[in-house]
1. Considering the dipole of the chain built from charges on the beta carbon (Lys and Arg +1, Asp and Glu -1) around the Cα centre, which of PHE271, PRO36, THR243 is farthest to its positive end?
2. By how many nm would the segment from LEU61 to GLU346 lengthen if fully extended, with 0.36 nm per residue of separation less the alpha-carbon distance?
3. ILE71 to GLU206: FRET efficiency via 1/(1 + (r/R0)^6), r the Cβ-Cβ distance, R0 45 Å, to the nearest 0.05?
4. State whether region 167-365 is rounded, prolate or oblate according to the following rule on the C-alpha gyration tensor (a ≥ b ≥ c being the square roots of its eigenvalues): a/c under 1.5 gives rounded; otherwise a/b larger than b/c gives prolate, and the remaining case gives oblate.
5. Of VAL100, VAL287, VAL309, which is the most mobile in a GNM of the chain whose springs link Cα atoms less than 10 angstrom apart?
6. Which of LEU295, GLY78, PHE362 sits farthest toward the positive end of the charge dipole of the chain, with +1 on the Cβ of Lys and Arg and -1 on the Cβ of Asp and Glu?
7. Would you please name the GluC sites (Glu not before Pro) within region 73-161 that are DSSP coil residues with at most 10 other C-beta atoms within 10 Å of their C-beta?
8. Students often forget the sequence filter, so: which aspartates and glutamates lie under 14 Å Cα-Cα from LYS172 once same-chain residues fewer than 8 apart are removed?
Amino acid sequence: MTKIFKSVYFNVRTSSRERMWDTARHASRVCTPILPAVKQQTSLARSASYKTARFSIMVKLKQFVRLFPLINHQAVPGAETADLLYMWGAFPKMTNQPFVIELDNPFVLSYYSQRFFNWRLLAIKRKLRRANYITYLSETARNHTLELIGPEFAEKSKVLPPFMDKNYLYNKRPGDGIVRFLFVGLGFRRKGGPELLKAFAALPNENAQLTIVAPVPEEVKSAYAYDKRIIFLPPQPREVLFTKLYPESDIFVFPSILETLGVVILEALSFGMGIITTDSYATPEMVKNDVNGRLLSHPFLKKTLLNGVPTIDCVTIPRDEFTAKYQQDEHFYETLSSDTLTAMTEAMNQTKVWQDASIELFDRRFSPDLWEQKLVEILSPVSTDA
């Protein structure tokens, strides 16, 4: 595709997630990206920073900020020459430059405070009217936001999922008759790790193997030490995930209790893996039940309508309340575990069918070419031919 010679400032931060940096880098296909003078922090480094005193201070500061009905604004240093600003979850501060704003969910605009989002809704809508486009990681996030801000924003609301390459071209599965299940998640409890372990331990197949890539408590590892089919690994760099773990695995199993998109699910899809995950917010966009995997029933949330679409809304429930009520170590979801066992049993016989369907779904909805076309559309109002 012909390069669009327009400069776009991508407001990444040191702590921005990999998907944001990926967008900024791969945007060079269609524009000239301008980035702030910051270095990327890996997900592992970001996770480690959560244990520092500095992070504790930042948490307290954010808690203080959330006492006030503020709208999220961010400075854009070095953006003076840009033709367009691409913002993540915040309005640009002290500039009249045209901008695109990406939302992972609507409440990011009020620092994830739903109460203040409702209080400041009129002001938020005034600011959104200035945006060239509002982009979303998923159709579900788009539906959710339009449910709250109204249909007047439908035309400028576009879905731009995270960039993902055709990673299935680089698979190197051993082909030794072993069905390799993979779980990747920094939040072992919230991602359904305990339910998964109990389910897999009950799977009778000797030719099944489960690799858990997560910070698993030592007492949990000890409890399952008898099952030699289970491999525990600490969190791994993205390079290891992409060059070894994903390419060598067959089925991605991720019975997460709270998930809005699940970039790891999209990563697994890009490798053509069959997928077992919970029906939660946008996960049905990547997993079609009994086609390329299995969608597990959510253990406690029921579907509600978001812009007319039945959806498991795990966003509206306040995170603090969710953590206190549903993530306690002693709370175990038997139905989620038994459903996971049923799905893994099915996966043993449907592995190749699910894998082929994942490749077809990825190419149809998430391929690099489609991503590029969507980005061109988003940038086109302020782009000119070279």
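1. PRO36
2. On the way: separation 285, 0.36 × 285 = 102.60 nm, distance 4.79 nm.
Full-extension gain reported as 97.8 nm.
3. On the way: r = 57 Å, r/R0 = 1.26.
Efficiency, from the Cβ-Cβ distance: 0.20.
4. Working: a/c = 1.57, a/b = 1.12, b/c = 1.40.
Oblate, because a/c is 1.5 or more while a/b does not exceed b/c.
5. Maximum fluctuation in the GNM of the chain, among the listed residues, is at VAL309.
6. The residue sitting farthest along the positive end of the dipole is GLY78.
7. Details: sites: GLU80, GLU102, GLU139, GLU147, GLU152, GLU155; in loops: GLU80, GLU155.
Of the GluC sites (Glu not before Pro), the ones in loops of region 73-161 whose Cβ has at most 10 other Cβ atoms within 10 Å are GLU80, GLU155.
8. Leaving aside aspartates and glutamates fewer than 8 places away in the same chain, those within reach of LYS172 are GLU248, ASP250.
Every read-out reported here was derived from the displayed coordinates using simple, explicitly stated rules and does not represent laboratory data. No experiment lies behind these values; they were computed from the predicted model shown. Note that each Cβ is placed from the backbone with ideal geometry, even for glycine, and that neighbours are counted across all protein chains shown.
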